[in-house]
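Structure first, then comments.
Here, each number is a calculation from the coordinates, and none is a lab measurement. Computed from a predicted structure; not experimentally measured. Glycine also receives a Cβ, built like all others from the backbone with ideal geometry; neighbour counts cover every protein chain displayed.
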C-alpha cells in the first residue's frame, strides 16, 4: 500500500512539473548584440537577447545561444548550430540574426552577402523546419553612426570594448547605415522561403534616431573615465548595448514578434522594471527597482529570478509585483 501511494505521489509530481513547464521555447542564434554577458554586476554590456525573457509570460522560455563575435559562417563551423538543432522540438521558434560579423575579412567569419551569407541563412531556415520548429529571420541591428566616413570602413565590433572614451566625429544628424548589402539579405531569404521576418535594423535605427545624436549614446556602452571602476579609462562603443539599450530593444522586438506571429501575441508582456540577479532585467535587485519607482503613478515590476526579501517600507499601493517561475519571495 505504501509503495502504491509513493508511486501515485511520484506520478502527481511529474504531472505537476509538466504543467509548470513553459509551453513554447524561443531560441536565439546570433552575435554579440544579442548574446549573454558574463559578470553582470561589473560588466555594463548587455545583449538584447538577455532581456527577452522579461518581455514574455512564463508560457514562453527563452534560450539564448547567441555568441560574441560570430558570423553566420563561424556559428556553423564551430558546431554551435548543431547543438541548437539537436535540441529543437516541434513548435519551437528560432530567431536567426547575423550580419554584424559576416562582413569581417578574416576567413573564419567572412561571407559574401549575395552568395554564402544568403545560403547560410537558407540553411538555418530549412534545418529549423526539418525539426518541426519555426524560423524567424531578423536583420542585424543598426550601429550608432552619425559620421559619414565611418560607414565606408569595416568595423570590428569586438575591438570596440578596448576603445577608451573620447569625443567623436559627427557630421550628420541622420543615422547612417553601416551594413550595406548585409542589411537586406534576411528579408530576401524570408521572402523566398515564406519565413517570418522582423526588421530589427529598421526598428533599432528608429530608436537610435528618436534618441538623437547625443542621446543615443545612452543606449550603448559609453562611459567617461572613472564612471565605472571596472572600466577606468571609460569606453566609446557604438555597437553594444548597455542595460537601458538592451531593455529598450528587447521590448521593441517582442512587440514586433507579437505583431508578426499571432501564436506568440498573447504572451508578450511589458513591465516598468524587471529584476534579475543574472542580468536579464533592467535591475539587479528588488530593492534597487523599488527605490527607483516614482511615488506618483502606477508601476508593475517583474521579479524574474532569485530569492528576495520584500521590504514593506519601500512598497506602496501603486506598485504591483509579479513573481516569475524562477523567483522566490522569502520572509
Simple SL model, points at 7 angstrom along Cα→Cβ for residue 292 and residue 270; separation in nm is 1.8 nm
Between residue 214 and residue 114, the FRET efficiency computed from the C-beta separation at R0 = 56 Å comes out, to the nearest 0.05, as 0.95
antiparallel share of DSSP beta bridges within the chain, to nearest 5, in %, is 15 percent
So how long is each side of the chain along the principal axes, counting just the alpha-carbon atoms, biggest first, in Å?
-> 76, 51, 32
Compare the peptides 54-60, 296-302 by average per-residue count of other Cβ atoms within 10 angstrom and give them in order, highest first.
-> 54-60, 296-302
Segment residue 148-residue 233, length gained on full extension (0.36 nm per residue, minus Cα span) = 28.0 nm
Just how far, in whole angstrom, is segment 165-237 from segment 56-120 if you go by their alpha carbon centroids?
-> 20 Å
Listing 244, 27 from the residue with the fewest other Cβ atoms within 10 Å to the one with the most, what is the order?
-> 244, 27
Here, residue 255 and residue 129, labelled 7 Å along Cα→Cβ, have an inter-label distance in nm of 3.1 nm
How long are the three semi-axes of the equivalent ellipsoid for segment 186-331, computed from the Cα gyration tensor as the root of 5 times each eigenvalue, in whole Å, largest first?
-> 30, 24, 14
Segment 271-330 - convex hull of the alpha-carbon atoms, volume per residue in Å³ = 69 Å³
Exposure proxy check on 36, 188: fewest-to-most Cβ neighbours within 10 Å is 188, 36
Helix-only CD estimate at 222 nm, as mean residue ellipticity for the chain, using -39500 (n - 2.57) per DSSP H run (n ≥ 4) | -9000 deg cm²/dmol
Please state the relative contact order of segment 271-330 as a whole percent: Cα pairs under 8 Å, 6+ residues apart?
-> 33 percent
Label-to-label distance, nm, for residues given as residue 87 and residue 206 (7 Å Cα→Cβ offset) | 3.1 nm
Going fewest to most other Cβ atoms within 10 Å around each Cβ, 174, 111, 248, 24 line up as 174, 24, 248, 111
